[in-house]
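Data block below; observations after.
The values are calculated or read from the model by the stated rules, or taken from the named source; none is laboratory data. Treat the numbers as computed from the prediction; the structure is a model and nothing was measured. No Cβ is skipped: glycine too gets one built from the backbone with ideal geometry, and neighbour counts run over all protein chains shown.
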Amino acid sequence: MISPYNLEYFIGIAILAITALTAPYLNDLWKRKSLAPKLKIKFYRESAFIVLSKQEDSFSIFFEVKNSGNSEVKNCTSIIEEFYYEDEGRNFIKNDKYFPAKLLTSEDSPIINILPKASHFFELFFIYKKDQNKIKSRINIVPLIEYSQSAKYLEVPFTYLKIKIVIYSENAKKCMQQIEINSPGIWRKDIKQILQEMQITSS
């Protein structure tokens, strides 16, 4: 029969053994969580997200991807999973022909890295004046559809747009943002007025 003293001794040895076996794993798990990169999409109307073009009567709208974590995000890429727009006949259309699609960046490669506490800005739309002060928008993509895997400049009216953006990377959890943009679609000489007339909803 095992005495209470021996029982306590065996329990103590078992606890020490379990601690020795699990401590490296728990320590590694803590490091991975504390040092992991964390992504967040930000999209506003403010001028910090606007870049004027060399072309007359045009500008670009960007969204921000922020890495609030403590390590670098590797091989980060932006995917437009869903794309809805309103055509000139005010019909609400889901574009399944070219989406999902990879959003091209201004760099040579659509894949980028983001340092800790840093941000990268992705160009979402190129906005320009067309025909009697109307606004048109263009998005630069590579469709992920098998029959259409080549870079495209897709033009759509800049009135109502609904976009689902997902950011994937090699070492961070994916982040997702759905953006709705409402605009009267009228070109103004003052770009700030165009932005003020835009209504943006994020979810």
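Summary of computed values
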| quantity | calculated |
| --- | --- |
| Residue match in the stretch 116-130 (condition: touching a Pro at 6+ places or on another chain (Cβ under 9 Å) and surrounded by fewer than 17 Cβ atoms within 10 Å (Cβ to Cβ)) | yes |
| Flag if SER68 is under 23 Å from ILE127 (Cβ atoms), small (Gly, Ala, Ser) and touching a residue at least 40 places away in the same chain (Cβ under 8 Å) | no |
| Test: residue in the stretch 132-150 that is crowded, with 16+ Cβ neighbours inside 10 Å and touching a helix residue (DSSP H, G or I) at 6+ places or on another chain (Cβ under 8 Å) | yes |
| Qualifying residue in the stretch 66-75 (condition: part of a strand (DSSP E or B), at positive phi, within 15 Å of the chain's Cα centre (by Cα) and not aliphatic (A, V, I, L, M)) | yes |
| Residue selected from the stretch 38-65 under the condition part of a loop (DSSP other than H, G, I, E, B) and among the basic types (Lys, Arg), by the criterion nearest to THR159 (Cα to Cα) | ARG45 |
| Positions within the stretch 61-92 being closer than 15 Å to GLY185 by Cβ and touching a Phe, Trp or Tyr at 6+ places or on another chain (Cβ under 6 Å), in sequence order | ILE61, GLU86 |
| Residue within the stretch 60-81 that is loosely packed, with under 10 Cβ neighbours inside 10 Å, at pLDDT 60 or above, assigned by TED's automatic domain parsing to the domain that holds TYR128 and in contact with a strand residue (DSSP E or B) (Cβ under 9 Å, 6 or more places away or on another chain) present | no |
